[in-house]
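I have placed the structure first, in the form of structure tokens, so that the comments after it can refer back to it.
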Amino acid sequence: MRMSINLNSNNNGFAERLTAKISELANPTVLGLDPMLEYVPANIRDYLSDRCSDQLLVAGMAITEFNRRLIDAVYDIIPAVKPQLAYYEQYGRPGMDAFYETCRYARTKGMLVIADGKRNDIGTTAAAYARAYLGETQLETESRAIAEVDALTINPYLGSDGIEPFLEQCSLHSKGVFILVRTSNPSAGDLQDLKLADGRLVYESVADMVHKWGSGRAGASGFGPVGAVVGATYPHQAAGLRDRLSEAIILVPGYGAQGATAADCAHNFTADGRGAIVNASRSLMLAYKKRELPPEAFDVACREEAIAMRQALQAAITNR
């Protein structure tokens, strides 16, 4: 028997927190923290290598320091961070320690944390993923939150019984999800553009399901805990999806290094300029290259690029 999830008013906490933070900073940007060891300046890596012989441990510590300095550079102008789990998993346990510490540190600086895991499974496995990132894990005598995150990206392609466990944890812990609808990669259309018997394309059908899962759960902001991922690299399709996803905050990847512009991203916002948050990863983490600064100034360059991105998005949304 399929369970029925009642998303009560507490679920709107994530959407309310995120929209309030975006409004406070006048910046619909999320800093994607997708670190590779080679992104970390040599002076940080050399300092740690001189003090530790375990190269894997050095990698984890170097990434943690890199992320902390990026967060310190922008926490007062960017509302959220989005660490991509794969970049941490590749460095084993020290990499995952860096992930957990990055999430914790970002929260101490007042930023929201979106874990980008694109989790996808059914039944008890989906429930375990949901507890790991959105809820609490039952121990011998207590339940404990494992990851200090506010939202998680999830993949809907196993159907609603792969979504419901995540919605349940959103309901219990005032968290959010961003469900893949239209991804930013070049081959997205191989599956997402297939036409269904009713005339809709696959990504349109998924958008309609996302709307149904989140329908009626919006808070005062007009948005609820069930968000969507819609790539900026398909701006004309994004415009139609915005209408289909009236209660969803849209997470927009593809800006910067993937080629999308602020004008492309603007299609994901509502008429009053709300309801979306735009991710930038390499274009912020490695902004020193664009700005022709030394690698050691990566945090300064990140802040400068973040301010420029904010201005570009504000102008694009206003002039749409």
Would you mind finding the one in ASN155, ASN185, ASN120 that is open to solvent by 30 Å² or more (accessible area, probe 1.4 Å), modelled with pLDDT of 95 or more and in contact with a Gly (Cβ under 9 Å, 6 or more places away or on another chain)?
ASN155
Identify the residue in the range 234-250 that is touching a Lys or Arg at 6+ places or on another chain (Cβ under 8 Å) and either of a type outside the set (A, V, I, L, M, F, W, C) or in a strand (DSSP E or B) (or both) and, among all such residues, is modelled with the lowest pLDDT.
TYR234
Hey, among SER281, SER246, which residue is among the hydroxyl-bearing types (Ser, Thr, Tyr) and either closer than 30 Å to ALA42 by Cα or touching a Cys at 6+ places or on another chain (Cβ under 8 Å) (or both)?
SER281
Residue identified as among the acidic types (Asp, Glu), touching an Asp or Glu at 6+ places or on another chain (Cβ under 9 Å) and within 26 Å of ALA280 (Cβ to Cβ) among ASP150, ASP116
ASP116
Residue count, the range 246-285 (criterion: in contact (Cβ under 8 Å) with a residue 60 or more places away in the chain and of a type in the set (D, E, K, R)):
2
How do the pairs read when you match residues in the range 290-311 that are acidic (Asp, Glu) and open to solvent by 70 Å² or more (accessible area, probe 1.4 Å) with residues anywhere that are outside any helix (DSSP H, G or I) and modelled with pLDDT under 95, using Cβ under 9 Å and keeping only pairs 6 or more apart or on different chains?
GLU304/ARG291; GLU304/LEU293
Filtering the range 12-64 down to residues that are outside any helix (DSSP H, G or I) and without any contact (Cβ under 8 Å) to a residue 60 or more places away in the chain, which residue is most open to solvent (accessible area, probe 1.4 Å)?
ARG51
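The values are calculated or read from the model by the stated rules, or taken from the named source; none is laboratory data. Since the model is a prediction, treat every value here as computed from it, not as a measurement. FYI the Cβ positions are ideal-geometry reconstructions off the backbone, even for glycines, and counts take in every protein chain you see. Note: areas computed on protein heavy atoms with side chains; ligands, DNA, RNA excluded. Shrake-Rupley method; radii C 1.70, N 1.55, O 1.52, S 1.80 Å.
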